[in-house]
Amino acid sequence: MKLIGFNFTKINAQKSEKIIENVNIKTNIDVSDIHEVKSDFFGSKESLVGVKFGYKIDYEPEFAGILFNGTVLFSTNSKESVEILNQWEQKKILDKFKIPLFNIILKKSNLRALQLEEELNLPLHIPMPSLKFEQKTNKDK
């Protein structure tokens with residue numbers, strides 16, 4: 001399975017004017033559709049699978065929110081494509097497809113979300129690395 005394309009179709013970020021001290025941040029990925037994409041570009045050996053998704057970051061209680069909608073396009077062999085589409089008919093996603101799909105969505109969306117959080121002065125939804133002072137013990141003296 002190869003990633004062929006990724007794009008956002010909607011980006012929405014909003015922040016309320018009220019100040020809230022204890023903010024709870026929740027994230028959610030929603031796959032709304034998985035479908036076959038017809039294309040003569042890749043030939044008959046490869047099948048294209050398109051995925052429509054939504055990725056939401058909620059700052060509760062009703063403080064702010066970031067929403068991404070988009071599409072991901074994968075190239076797979078015909079057997080994998082049939083498996084993926086058959087599972088989707090029951091609204092299930094194969095683990096061997098779900099994990100790389102979610103990783104791509106998280107990677108692309110989190111990078112954009114961090115930029116939006118910085119611009120809106122929101123708390124970051126994922127912790128950033130930071131340095132801390134190390135306490136010296138008696139042995140280290």
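Every number in this text was worked out from the coordinates using simple rules, so none of it is lab data. Worth saying up front: this structure is predicted, and the values here are computed from it rather than measured. Because the Cβ atoms are built from the backbone with ideal geometry, glycine has one as well, and the counts that use them run over all protein chains shown.
For region 23-141, what is the relative contact order in percent, using Cα pairs closer than 8 Å and at least 6 residues apart in sequence?
Values: 136 pairs, mean separation 24.1, N = 119.
After rounding, I find 20 percent.
Give me the lysines in straight-line cross-link reach of Lys38: C-alpha distance below 23 Å, same-chain residues under 8 apart excluded.
Lys2, Lys52, Lys79, Lys91, Lys92, Lys96, Lys98
Length gain on complete extension for the stretch Ser78 to Lys56, per 0.36 nm per residue less the alpha carbon to alpha carbon distance? Write out the running numbers ahead of the final one.
Numbers: separation 22, 0.36 × 22 = 7.92 nm, distance 3.18 nm.
That pair, Ser78 and Lys56, stretches by 4.7 nm at full extension.
Looking at the square roots a ≥ b ≥ c of the eigenvalues of the Cα gyration tensor of region 2-123, which shape do they give, rounded for a/c under 1.5, prolate if a/b is larger than b/c, or oblate? Intermediate results must be reported in sequence, preceding the final value.
On the way: a/c = 3.33, a/b = 2.40, b/c = 1.39.
It is prolate, given that a/c is not under 1.5 and a/b is the larger ratio.
Label points 7 Å out from Cα along the Cβ direction at Thr9 and Asn121: separation in nm?
Result for the modelled spin labels: 3.5 nm.
For labels at Glu21 and Lys92 in the simple 7 Å Cα→Cβ model, what's the distance in nm?
Calculated label separation equals 4.8 nm.
Work through the residues other than Lys2 whose Cβ is under 12 Å from its Cβ and net out their charges, Lys, Arg +1 and Asp, Glu -1. Could the numbers behind the result be given before it?
On the way: positive: none; negative: Glu46, Glu80.
Around Lys2, the surrounding residues sum to -2.
Where does each of 106-116, 87-97 land if you order them by average Cβ count within 10 Å, highest first? Show your work: numbers first, answer last.
Numbers: 106-116: 15.9, 87-97: 12.8.
So the peptides 106-116, 87-97, ranked by packing, come out 106-116, 87-97.
Per DSSP H run of n ≥ 4, the term is -39500 (n - 2.57); total these for the chain, divide by its residue number, and report the mean residue ellipticity at 222 nm rounded to 500 deg cm²/dmol.
Values: 2 runs with 38 residues, N = 141.
Mean residue ellipticity, 222 nm, calculated: -9000 deg cm²/dmol.
Can you run phi through the Karplus equation (6.51, -1.76, 1.60; θ = phi - 60°) for region 22-37 and list ³J(HN,Hα) in whole Hz, with x for Gly and Pro?
For region 22-37, the Karplus curve yields 9, 9, 9, 10, 10, 10, 8, 10, 10, 9, 9, 7, 10, 8, 7, 10 Hz.
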